[in-house]
Amino acid sequence: MRPRERSKKEDIKKAAKFLVNSKNCIVLTGAGISTESGIPDFRGEGGIWDKYKPEIYGDISSFLQDPSKFWKMAEDIAPTLFNAEPNPGHYALAELEKMKIIKAIITQNVDELHQKAGAVIVYEVHGNINRFTCLGCRASYNKEQVLNKLKRKKKSSPLCDYCGMPLKPSVVLFGEDLPKFEKFMSIDLAKKADLMLIAGSSLTVAPICDLPVYTLSGGGKLIIVNDQPTHLDDKAEIVLNGKTGILLPLIVEEIKNIKT
Ligand code: APR
């Protein structure tokens, strides 16, 4: 076996041991864990922000000026987003929850794939793409209602049935506050964690990219699984570069070996 492969195998064993011995482990995921479900990430190769400028398509002030730009991007991404299924990386994390190895999953993703894979304690710190609200009267709409509106009136932003104002998906755009409960809960969990497993995030967007730092300052450790380097790699106990859909199941398999 080549040295790099050997060291990866050893790192997987080491990660499994850290997870089995942790008392308060939480997981932080990013868009990278959903790319193997067909959903593009933002900053990886061919990411969404390569094609759509975030300051125009992902920012609340530009949404309020002209929602049609956001909806044009949404129509392009919606089919993959709404039809995506969990991949082995999501199932591996759901299994860690069932095995009581992890306490919670904090996710920056809005695709609900952790829940679809069976995970229960999931904090969606950037919202959820399956819920929509009216910017005027705060009326709420579900995915089917909005998809019907988009079908009926092609190429225009869906409007509220009651007050006629534009609808917005319940996802956090740049310039918006995070949902209060999820934000404070994730900070509290990060501060108390003795181990944070980070999967598929570039760790570049505040305030969530600060969560691993809270864990470190509380004396906790980091395990990073990502196919690109991150700025916290040198602070992590273990860095596994590769696909979450391959590496996370291997870690779960190793944990099962330890436990038998
Ligand atoms: N396995 C492992 N890592 C992967 C995989 C994969 N299959 N696919 C992509 N990656 C890595 C990418 O190399 C990148 O480093 O996952 C990371 C994803 O980073 P981003 O695209 O920046 O996604 P994320 O960290 O979740 O972004 C945070 O930014 O635009 C906002 O609100 C948006 O929630 C998002 C936030």
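The values are calculated or read from the model by the stated rules, or taken from the named source; none is laboratory data. All figures in this text were calculated on a predicted structure; none of them were measured in a lab. Positions of Cβ are generated from backbone atoms using ideal geometry, with glycine treated the same way; all protein chains shown enter the neighbour counts.
Evaluated against (1) closer than 16 Å to Ile12 by Cβ; (2) under 17 Å from the mean Cα position of the chain (by Cα), Leu203 falls short on exactly one condition, (1). Within segment 40-50, the only residue that satisfies the criterion of being more than 6 Å from the ligand (Cβ to nearest atom), touching a residue at least 24 places away in the same chain (Cβ under 8 Å) and of a type outside the set (A, V, I, L, M) is Pro40.
Is one or more of the residues making up segment 246-255 in contact with a Gly (Cβ under 8 Å, 6 or more places away or on another chain), within 14 Å of the ligand (Cβ to nearest atom) and under 26 Å from Leu173 (Cα atoms)? The answer is no, given that none of the residues of segment 246-255 is in contact with a Gly (Cβ under 8 Å, 6 or more places away or on another chain), within 14 Å of the ligand (Cβ to nearest atom) and under 26 Å from Leu173 (Cα atoms). Here Glu55 fulfils each of the conditions (1) of a type in the set (D, E, K, R); (2) closer than 20 Å to Tyr123 by Cα; (3) in contact (Cβ under 8 Å) with a residue 40 or more places away in the chain apart from (2). For segment 62-85, state whether one or more residues are in the same structural domain as Leu135 (by TED's automatic domain parsing) and either farther than 26 Å from Pro158 by Cβ or near the ligand (Cβ under 10 Å from one of its atoms) (or both). No, segment 62-85 contains no residue that is in the same structural domain as Leu135 (by TED's automatic domain parsing) and either farther than 26 Å from Pro158 by Cβ or near the ligand (Cβ under 10 Å from one of its atoms) (or both).
To keep it simple, each residue is scored yes or no on (1) within 14 Å of the ligand (Cβ to nearest atom); (2) farther than 16 Å from Val27 by Cβ.
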position: Val171; (1), (2): yes, yes
position: Phe184; (1), (2): no, yes
position: Ile198; (1), (2): yes, no
position: Pro212; (1), (2): yes, no
position: Val225; (1), (2): yes, no
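Count of segment 200-210 residues, restricted to those that are within 9 Å of the ligand (Cβ to nearest atom) and either part of a helix (DSSP H, G or I) or touching a strand residue (DSSP E or B) at 6+ places or on another chain (Cβ under 7 Å) (or both), is 4.
The residues on offer are Ala78, Ala15, and the sole one that is small (Gly, Ala, Ser) and crowded, with 18+ Cβ neighbours inside 10 Å is Ala15.
Would you confirm, using the coordinates I've provided, whether Ser157 is crowded, with 19+ Cβ neighbours inside 10 Å, part of a loop (DSSP other than H, G, I, E, B), in contact with a Phe, Trp or Tyr (Cβ under 8 Å, 6 or more places away or on another chain) and not acidic (Asp, Glu)? Yes. For segment 164-178, state whether one or more residues are of a type in the set (Phe, Trp, Tyr) and touching a residue at least 40 places away in the same chain (Cβ under 8 Å). So far as segment 164-178 goes, yes, one or more of its residues are of a type in the set (Phe, Trp, Tyr) and touching a residue at least 40 places away in the same chain (Cβ under 8 Å).
Considering only segment 112-120, I want to know if a residue exists there that is closer than 24 Å to Ser202 by Cα, in the same structural domain as Met196 (by TED's automatic domain parsing) and touching a residue at least 60 places away in the same chain (Cβ under 8 Å). Within segment 112-120, one or more residues are closer than 24 Å to Ser202 by Cα, in the same structural domain as Met196 (by TED's automatic domain parsing) and touching a residue at least 60 places away in the same chain (Cβ under 8 Å). Screening segment 84-102 for residues that are surrounded by fewer than 17 Cβ atoms within 10 Å (Cβ to Cβ) and touching a residue at least 40 places away in the same chain (Cβ under 8 Å) and picking the one that is nearest to Ile258 (Cα to Cα) gives Met99.
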